[in-house]
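Presented below is the structure to which this report refers.
The values are calculated or read from the model by the stated rules, or taken from the named source; none is laboratory data. Being a predicted model, the structure only gives us computed values, none of them experimental. FYI the Cβ positions are ideal-geometry reconstructions off the backbone, even for glycines, and counts take in every protein chain you see.
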Amino acid sequence: MIRKLFVLLLAVANCSLIYAQTIKTDVLVIGRTPSGIAAAIQSARSKVKTVLAGSNENTTAGILSVHAGSDLPSGIWSEFCTKVHEFYKEKPSFDTDDNGSLKFEGTTEALILEKIADTVKNLNIYSNSLFTSIKKDGDRWEVRLKQNEKSMVIKARVLVDATENGEVATRLNTKAANGITNINYQTKAYRTSIASAANLSFIPLRDIVAKGADNIFVTEKIIPGEKNIQFLPMQLELGQGAGAAAAYCAFFKTTTKNLKVRIIQGEILDFKGGLLPFTDIPQHDRDWRAVQQVAATGMLKGVSPGGAVPQFLFRPDSVVVTSEVKPILTEIYTRAFLWFNREKPGDKFTVGNMLSLISDYTLTEPQVLKSTIQKAWKSQYKFKLDFDPGRPITRREFAVLANRFLNPFARTVDLEGRLVN
């Protein structure tokens, strides 16, 4: 009798161990939405242990067509577009050129995203798992999940709430932003963008940070209104940005109170994610990163010409106007104020002005610098126009040289986009 009781108790204990499995990870993403899958992919690619949990919420049936953003792919959204093209390569009705709408079946959307996730190291996926509870345990969040009637506990440094309704944030009574910011230059929040969309909007880093709790990021909940397939590009880019931010906190063992905007943006750019949606500087452009980084400082601003099709243009072949670059240059570089007073450039900034400014900033002898840049003008930088110090410099030329020699993107900014000394 005693022996049978002992065996029974042992069996119960073993079952308890099975049902109360505890897993430690760096980042836990809850919600297998498009932004959740993208966040998990980016977090794991950023070399931190990541867990993706939740039921598959990509269940849209029928033929889907994404109009906005199909001609402006970047990051994981670009990867998804490529996989769709490969998947439907032999099906004429789905033949999509680079400038057309992206067509695919709802089941294919889920299949492709899952296949991309399955190839990523450091990522474990718990399908059909249900979030049940959450509490803080030291420097980690302790989250209970239920999967196929089994319970598990996941202890994570950082959480990404990618559920449709922000279920995790709501359970913790925290607040998250509700809305996407249209691109404008009235505030400096554009400097902190972690994702952009073809409808000329962007997402500042601050908007995905849950207020009232450390190390929680929110994705799906901050997208306003009813989402449809046209939001897919933004969901994937938003998720990629959140994944980079979560990985930053985990990797550096810090909290959302100490986010370093430029490091997180740099990680996004490293993985080909965009910050601002320039329709005339696609990702395959050789100067794409230089333009993204310089534009994120506000030194060269984009414009929206209006019209039926939303566009956000960098205008790479237009000339640089001195009145546009002077405020940011003098804000970022103390010595620039003295340079402007001494050199007094005209209305249009010239190639010679740029050489002089670089020489002053880098303390390089002017003739040595001129000779060096002249030799690299077409061989290295691949500029189309001839080297001529007397002509106005184009925005492309300015962006490339400013990024290379002045590196304004290295200046630290806070979550509001203000410079930090």
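For this structure, a couple of remarks:
- A Cβ distance below 7 Å, combined with a sequence gap of six or more or placement on separate chains, defines the contacts here; from segment 77-104, residues that are assigned by TED's automatic domain parsing to the domain that holds ALA195 and surrounded by fewer than 17 Cβ atoms within 10 Å (Cβ to Cβ) reach residues that are modelled with pLDDT of 75 or more and of a type outside the set (A, V, I, L, M) in the pairs PHE87/THR108; SER101/SER65; SER101/HIS67.
- So ALA250, is it assigned to a helix (DSSP H, G or I) and more than 10 Å from the chain's Cα centre (by Cα): yes
- Residue in segment 289-297 that is in contact with a Pro (Cβ under 7 Å, 6 or more places away or on another chain) and either assigned to a loop (DSSP other than H, G, I, E, B) or among the small types (Gly, Ala, Ser) (or both) present: yes
This table checks each residue for (1) under 12 Å from the mean Cα position of the chain (by Cα); (2) closer than 18 Å to ASP414 by Cβ; (3) among the aliphatic types (A, V, I, L, M).
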{"position": "LEU172", "(1), (2), (3)": "no, no, yes"}
{"position": "THR187", "(1), (2), (3)": "no, yes, no"}
{"position": "ALA197", "(1), (2), (3)": "yes, no, yes"}
{"position": "GLY212", "(1), (2), (3)": "no, no, no"}
{"position": "LYS227", "(1), (2), (3)": "no, no, no"}
{"position": "LEU269", "(1), (2), (3)": "yes, no, yes"}
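- Any chance GLU142 is without any contact (Cβ under 8 Å) to a residue 40 or more places away in the chain and either surrounded by fewer than 18 Cβ atoms within 10 Å (Cβ to Cβ) or touching a strand residue (DSSP E or B) at 6+ places or on another chain (Cβ under 6 Å) (or both): yes
- Any hit, segment 283-301, residues being of a type in the set (Phe, Trp, Tyr), over 18 Å from ILE358 (Cβ atoms) and touching a residue at least 60 places away in the same chain (Cβ under 8 Å): no
- Any hit, segment 359-382, residues being of a type outside the set (S, T, N, Q), buried (at least 16 other Cβ atoms within 10 Å of the Cβ) and assigned to a loop (DSSP other than H, G, I, E, B): yes
- Looking only at segment 224-261, and only at residues there that are surrounded by fewer than 18 Cβ atoms within 10 Å (Cβ to Cβ) and modelled with pLDDT of 95 or more, the one that is nearest to GLY212 (Cα to Cα): LYS257
- Residues of segment 174-199 satisfying the condition of being at pLDDT 90 or above and either in a loop (DSSP other than H, G, I, E, B) or touching a Pro at 6+ places or on another chain (Cβ under 8 Å) (or both): LYS188, ALA189, TYR190, THR192, SER193, ILE194
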